[in-house]
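What follows is a short report on a single structure.
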Amino acid sequence: MGKKDAGTTKLPVDQYRKQIGKQDYKKTKSALKATRLKAEAKKASSVFRDAFLVIAAILFLVLCVYAFFYLNLSTELNLDVDMD
């Protein structure tokens with residue numbers, strides 16, 4: 001008897017979840033499979049994109065350090081040549 005009384009008061013969140021579940025159940029299996037495959041593909045591409053961005057950032061940092069030292073050393077060498 002206690003369970004019956006407690007079950008009558010439903011939270012709005014539970015009602016919303018039930019409604020969404022009914023809508024999802026109405027979809028065909030092929031549509032659900034396509035949605036799942038699309039989500040998995042997006043997740044996999046996200047990993048590759050993140051790895052590419054990290055590698056690109058490291059290469060950019062190395063290039064900046066190289067350019068900084070190249071410009072500093074080239075100006076020092078030019079000053080030595082001008083003194084002759």
Query raised in the report: Tally time: how many residues in region 1-34 are at pLDDT 70 or above and not in a helix (DSSP H, G or I)?
Result: 3
Requested in this report: Kindly provide the set of residues from region 33-63 that are open to solvent by less than 100 Å² (accessible area, probe 1.4 Å) and basic (Lys, Arg), ordered by number.
Outcome: none
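The values are calculated or read from the model by the stated rules, or taken from the named source; none is laboratory data. Being a predicted model, the structure only gives us computed values, none of them experimental. Calculation scope for accessible area: heavy atoms of the full protein, side chains included, ligands and nucleic acids excluded. Shrake-Rupley method; radii C 1.70, N 1.55, O 1.52, S 1.80 Å.
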